[in-house]
Structure formats: C-alpha cells, structure tokens
1. Among the residues of the stretch 136-154, how many are of a type in the set (Asp, Glu) and loosely packed, with under 14 Cβ neighbours inside 10 Å?
2. Of all residues in the stretch 28-59, which are among the hydrophobic types (A, V, I, L, M, F, W, C) and modelled with pLDDT of 95 or more?
3. Quick check on my filter: what residues within the stretch 112-135 are farther than 21 Å from ALA82 by Cα and surrounded by 16 or more Cβ atoms within 10 Å (Cβ to Cβ)?
4. Write out, first by first residue and then by second, each pair whose Cβ atoms fall under 6 Å of each other, whose residues are 6+ apart or on separate chains, and whose first residue, in the stretch 26-40, is within 9 Å of GLN96 (Cβ to Cβ) while the second is modelled with pLDDT of 70 or more.
5. Could you check the stretch 114-136 and list, in sequence order, the residues that are in contact with a helix residue (DSSP H, G or I) (Cβ under 6 Å, 6 or more places away or on another chain) and free of Cβ contacts under 8 Å to residues at least 40 places away in the same chain?
6. If the requirement is being touching a Ser or Thr at 6+ places or on another chain (Cβ under 8 Å) and modelled with pLDDT of 95 or more, which of these qualifies: ALA82, ALA102?
7. I'd like the residue in the stretch 51-93 that is under 30 Å from ALA151 (Cβ atoms) and of a type in the set (D, E, K, R) and, out of all such residues, is farthest from the chain's Cα centre (by Cα).
8. Tell me, yes or no, whether the stretch 144-154 has at least one residue that is in contact (Cβ under 8 Å) with a residue 12 or more places away in the chain, farther than 14 Å from ILE47 by Cβ and outside any helix (DSSP H, G or I).
Amino acid sequence: MKKQILTVLTILSIFFVFVTAPVFAHCEIPCGIYNDQLRVDLIKEHITTIEKSMNQINELSGKDPLNYNQLVRWIDNKEEHANKIQDIVYQYFMTQRIKAAAPADKAAYNDYVTKLSYLHQLLVAAMKSKQTTDLAHVKTLRMLIDKFENAYFSEHDKVHLKEHKK
C-alpha cells in the first residue's frame, strides 16, 4: 500500500512540475546568454503565422457548412502567436535588453525612447491582430519590427550579422 501511494505521489509531482511550469521568452537570472537577432526572427515568424491564420479564418468563414473545429483552431493559433510576440517584446526586450538612459544624455535618451516606442507599438499591433482578421495589422507588425530592428542594431551589428549568415 505504501509503495502504491508513493508511486501515485511521484507521478502527480512529475505531472504538476511539467504541466504547471510557466514558459518564458528567456530567463531572468540574468544568464548573459542573449541572441537578439533570433528573437527578432522569431517575431517575424510569428507575424507570418498570424497572417496565415487570418487568411485561413477568412477562407473557412465563407464555407458552407462551416467547419467550427478548424475555425477555432486557427483562431487559437492566431492568438497564441500574437501572445508570443508580446512575450518576446516585454519579457525579453523591454525588461532585459533595452537599457534606460538618463534624460540629460539627449542622444542616448532619444534612442531609448525610439526603441521603447516601437516596442510599445508592436504590443498594441499584436493585441489588435487578436481582435480581428484585418491583414492591415500584419502589415503594421512587419513595418514595426523592421523599424525596431534598424533602430536596435548598430551598423557594426548589421555588418557582423550579414557576415554570420553567410
């Protein structure tokens, strides 16, 4: 009897560890292991997935009979990828990578505000992409991630990234 109880408790413990453990875009130790370009590329991939989901939702919505199961799956998919964009933006970039600048240092402060502005706009555009299937939000997301990428990476970083991708 003791062995059975111990086995059940072990299984339940393992279940709760794996099922209830939160998943974050990156750690907060800080570990010092960052791959900023990977995060930008992931955001771009999520945007493409949102676009495909929107197209599928629009296509399925016009069919008769309506396939509710597939429609719900595409809606969930769109929501999930918009959430992932939001997670990367605030969990990775806003809390760990974008460093606050003193207002007295005008150039650094303006750079800081520019990056925060693009990130905030990304958060809002991701939210709006959850609310509708308007592809204009996808266009806005793409434009914003490109603007953020250009503002975030220095010219030196851009040259290095091009060489690294070869």
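1. So in the stretch 136-154, the residues of a type in the set (Asp, Glu) come out as 146, 149.
If we keep only those that are loosely packed, with under 14 Cβ neighbours inside 10 Å too, we end up with 146.
Number of matching residues: 1.
2. LEU38, VAL40, LEU42, ILE43, ILE47, ILE50, MET54, ILE57
3. Across the stretch 112-135, the qualifying residue is only TYR112.
4. What qualifies is HIS26/TYR92.
5. THR114, LYS115, TYR118, LEU119, GLN121, LEU123, ALA125, LYS128
6. On inspection, the qualifying residue turns out to be ALA82.
7. LYS52
8. At the first step, the residues of the stretch 144-154 found to be in contact (Cβ under 8 Å) with a residue 12 or more places away in the chain are 144-145, 147-149, 151-153.
With the extra rule that they be farther than 14 Å from ILE47 by Cβ, the set shrinks to 151-153.
Keeping just the survivors that are outside any helix (DSSP H, G or I) gives 153.
So far as the stretch 144-154 goes, yes, one or more of its residues are in contact (Cβ under 8 Å) with a residue 12 or more places away in the chain, farther than 14 Å from ILE47 by Cβ and outside any helix (DSSP H, G or I).
The values are calculated or read from the model by the stated rules, or taken from the named source; none is laboratory data. In this text the structure is predicted, and so the values were computed from the model without any measurement. Here Cβ is always computed from backbone atoms with ideal geometry, including for glycine, and neighbour counts include all displayed protein chains.
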